[in-house]
Structure formats: C-alpha cells, structure tokens
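Written out below as structure tokens is the structure these notes cover.
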Amino acid sequence: LTNKFEEIFSSLKKAASLDENQVDEGLRSIRQALLEADVSLDVTKDFIEKVKPKVMGQEIIRSTSPGDMVVKIVYDELVSLLGESNTDINLNAVPPVPMMLVGLQGSGKTTTTAKLAKYLEKNKKKKIMMVSLDVYRPAAQEQLRSLGEQNDILTLPIIEGQLPADICRRAVSAANLNGAEIILFDTAGRTQIDLQMMSEIKQIESIIKPTEVFLVADSLTGQVAAEVAKEFKNTVNVTGIVLTRADGDARGGAALSMKYVSQVPIKFLGVGEKIENLEVFHPDRIANRILGMGDIVSLVEKAAEDLGEENIKKAEENLKKGQFSMEDYLTQLRQMKKMGGIEGIMSFMPGVSKMKSQMDASGIDEKVISQNEAIILSMTKKERGNPKIIDGSRKKRIANGSGTDAATINKLLKQFKMMSEMMKKMSKGNLKGMSDKGIP
Ligand code: GDP
Ligand code: MG
C-alpha cells in the first residue's frame, strides 16, 4: 500500500516545468485579462512582448510552481510599469506657490482641487487658496467657492465677467495679502479637447508659472483618458496625473495605459465624491486589480496544468501528519481527475469505504471534481490558507470566478472541513502504520 501511495505521487511528478507552448498559453490568458481590464491594445501587445523573455527564463523552469511564477513576473512588471508611489509635490517657488489643474469637463477637476487643498493643508501644513478660472460654465466658480466654504479653505472672491488672465493676477496679490502659501488654480474644461481650450491653458501656464500641473482624468473613460493625457502633455508641462472615479472602476486598466502613453507619474486617485476621498497612488494595488480581473492566477495555473514536485511532496507530508490544507485538497482533486475518480486516490487510505460513501452522499463525481477545482482556483492565497475568512462578499467573488453559486461554495467548504477532520483522526492512528497493517 505504501507503494501505491508512492506510485500515485510519482505519476504526478512529471512535467514540472513550463514549455514554450504553456508559456504562450499563459500569456494569452494574461493578454485577455489586460484587455478586459481596459488596457489599450497597443499597451497590451507591448507589455506581453516585454514580459515573454522573462517568463521563458531559467527561473520559471526551476520554480516549484510555474503558474505562480508567471503571475509573479507579470505582477512585478506591471508594478514597475505603473511607476512608484510618489507623494512629492514641488513647492520650489517664491510663495504663493502656483499649481494648476487641467482636464476635460466633468473629469473631476473642481472636486479634486478641493481634495488637493485639504491634502496639502494636512500633509504639507500649508495655507491654501483656491481659484476658479472656469468663466465659461455657469456656476463653476460658485461650485468651488461653496466647496471652500464647506471645508474651511480660502477661495478668491468672484468678480463676474473677469477674464482668466486677470483673475490669475488678482489671485497672486490676494494670496499675498491673506498669507496663502499655495494657490490652486482650477481651470475650465471642454467635453473634448479643442484648440481654444488648449491655447487658454497654455496662456494660463505662462502667466502663473506653476510648479505642478495636475492632469485630472476619469478612470472610467479608460483608453480615451490615455489619449487625452498625451494631448495635454503636448500642450502644457503636466507633472502628475490624478485619476478620479477609481472607486467605480474595478478594472484599473486606465492607469496602466495613461502611465504608459504619457510617461507622467500617477500621483493620486480620487476614490469618491467626498473631500477626503483622495488617495496616494499605490502601483501594487492597481496591479492586483488588473490581474484580479480575469482571475489570472487560476488561468495560468490551468495553463500550466502542473502540480509541481514541491506541492506533491508537501501534500504527501501533510497527509502523513494528518494536516490537510485547501492547497492539498486542490492537489488531491487534480489527482482524482488524473486517476479517473475517487477510487484511485482514496483506496490506499484506511476507512476508505466509509469515506467513499460520505463522498458519494455529497455528490463527488467527475463534474463536481472540476467544479471544486475551479472554486479553489478562484480563491486567493489567503483564503486557501484560512478558509474561515471566506465571508459573504468573498463567496460572491469566488462564485463569479468559478461560475458557481454561494450554495456550491458552502458545500465545498463543508466537504473540506469534513475531510480535514477525517485526516486529523486518521493521523492519530498514524497513516503509515495503518497502511502496513493492510487495508481493505
Ligand atoms: P470638473 O468638471 O472637471 O470640474 O468635474 P467636477 O469636479 O465638477 O466633478 C464632476 C462630478 O464627478 C461631480 O459630481 C463629482 O462629485 C464627481 N467626482 C469627482 N471625483 C470623483 C471621484 O473620485 N469619485 C466619484 N465617485 N465621483 C467623483
Ligand atoms: Mg469644474
């Protein structure tokens, strides 16, 4: 029986490395996920080409889990492309230090102006004055004034009919009088880029000589946002990007495209309508979001179709110790599949007939095996390590990822619990010892 045990594991030890076909297949899945995350086609193509030689490298061949390795390489590459988390704000000018916000209409400029004012006040301990240069849209100046009033931020008093250039000059003397150390200029936008708008922000830039020009872009507009960024960058010296509505964007692709196309650092994310909903940009979070999109981890694991020698060894050892993890369960499910069902894998174990009837009762057959495999693959590493944390919302995500529903997931969790309890019991009698005694 010990022999059989070893036989099962050794049959699974073959092909512990990724060949080119498998890499190609894995990268196809990643390509799909990037596109689904709204990364533009050009950027996606470029990215895949860049990452392929790294995936084909030695590392992956020697790694114990090739699927995880591919994901790690892709993830690292994404993080490095997205740029560093960067909170530097250039204050290097004679106060009042001028900064301006540009972007299309509705992208969130005015809201972001107030958010930034609050952020700078809190984090740089500076007194801020906000100034609206949007003289075209009715009530645009009033919108900023009211935001200032609600949040205790100084705004330049409105004079109807004044042109942007004159407002700029008035702002500087007002800031001096009020002791404001930074002036944030909110500019007008258009629904699309036009020449008049571009020449106006260029003129404003030349008048105020800002240390920072923030481009505000709506992440929901995805690829369009990237093109917009390029246009703005050609006109003014954009120093940082603020991506708004990140709260409503589960995809994260806009960030990658924007950064890639414009080469301007993303500095902040807008994550809601409230003034405090401004976050410093963290590339790792966006990389996670992008990869989470098509459940890359499971796709690549599937493409690799490889258990990995280490995994098998670990499962073997765990089993002998009576420990049973979700990863072991996954390995076992795959073994079952290869062995053509439950008999093969279970027959070496003591009390197998009892377990078998229990498994039959819970309906484990070929289809269920594949389904359970999909469910475990849709779990994160953390969830596999500690299934207790799988709450309602996690179940929903896992159900989506595996094409099942919460009830099916509950069933699997129950099975898993039952099995791990059984493993524990069996180990008390020592599995190896038992097998020597001879089992049915
Ligand atoms: P502007 O035309 O560029 O000045 O855009 P506004 O600042 O007036 O914003 C337009 C709308 O987008 C407003 O309703 C804002 O509350 C909303 N908004 C701005 N930033 C965000 C954000 O990060 N998340 C969400 N959910 N809404 C935002
Ligand atoms: Mg506005």
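Since every read-out is calculated from the coordinates, none of them should be taken as a lab result. The structure displayed is predicted, hence computed values, not measured ones. Glycine also receives a Cβ, built like all others from the backbone with ideal geometry; neighbour counts cover every protein chain displayed.
Of all DSSP-defined beta bridges confined to the range 97-281, some 10% are antiparallel rather than parallel. Listing Val71, Val94, Val213 from fewest to most neighbouring C-beta atoms within 10 Å gives Val94, Val71, Val213. If R0 is 41 Å, the Cβ-Cβ spacing of Ala407 and Gln323 corresponds to a FRET efficiency of close to 0.90. Each residue, Arg190 and Thr211, gets one label point 7 Å from its Cα in the Cβ direction; the gap between the two is 3.2 nm.
Using C-alpha pairs under 8 Å with a sequence gap of at least 6, the mean separation divided by the residue count of the range 97-281 gives a relative contact order of 27 percent.
Here the residues Arg334, Arg169, Arg190, ranked from fewest to most Cβ neighbours within 10 Å of their Cβ, fall in the order Arg169, Arg190, Arg334. A cut-off of 5 Å between modelled amide H atoms, ignoring neighbours fewer than 5 places along the same chain, links Thr155 with Met130. Mean separation of Cα pairs under 8 Å and 6 or more residues apart, divided by the residue count, gives the range 368-426 a relative contact order of 34 percent. Kirkwood hydrodynamic radius of the range 85-130, from the reciprocal of the average inverse Cα-Cα distance over all distinct pairs: 11.8 Å. Please label the shape of the range 188-292 as rounded, prolate or oblate, based on the square roots a ≥ b ≥ c of the eigenvalues of the alpha-carbon gyration tensor (a/c under 1.5 means rounded; beyond that, a/b larger than b/c means prolate, else oblate). Cα axes put the range 188-292 in the prolate bin. Taking amide hydrogens as modeled 1.01 Å from N in the peptide plane, which residues meet the under 5 Å criterion relative to Glu212, leaving out close sequence neighbours? Counting only residues 5 or more places away or on other chains, the set is Met100. Assuming a ≥ b ≥ c are the square roots of the Cα gyration tensor eigenvalues, decide whether the range 168-229 counts as rounded (a/c under 1.5), prolate (otherwise, with a/b larger than b/c) or oblate. Taking the square roots of the gyration eigenvalues as a ≥ b ≥ c, the range 168-229 is prolate. Couplings 3J(HN,Hα) for the range 227-232, derived from phi with the Karplus relation 6.51 cos²θ - 1.76 cosθ + 1.60 (θ = phi - 60°), are 5, 4, 4, 4, 4, 5 Hz, where x marks Gly and Pro.
Over the range 215-280, Cα pairs under 8 Å with separation of 6+ residues give a relative contact order of 36 percent.
Between Glu149 and Arg137, residue separation times 0.36 nm minus the direct Cα-Cα distance comes to 2.3 nm.
Approximating the spin labels as points 7 Å out from Cα along Cα→Cβ, the Asn386-to-Lys124 distance works out to 3.9 nm.
Per the Cauchy relation, a quarter of the hull surface: what is the mean projected area of the convex hull of the alpha carbons in the range 97-281, in nm²?
9.2 nm²
For Ile266, nonlocal amide neighbours, meaning residues 5 or more places apart or on other chains whose placed amide H falls under 5 Å from its own, are Ile241.
Would you calculate the separation in nanometres between label points at Asn178 and Lys54, each defined as 7 Å from the Cα along the Cα-to-beta-carbon direction? The modelled label-to-label distance comes out at 4.7 nm.
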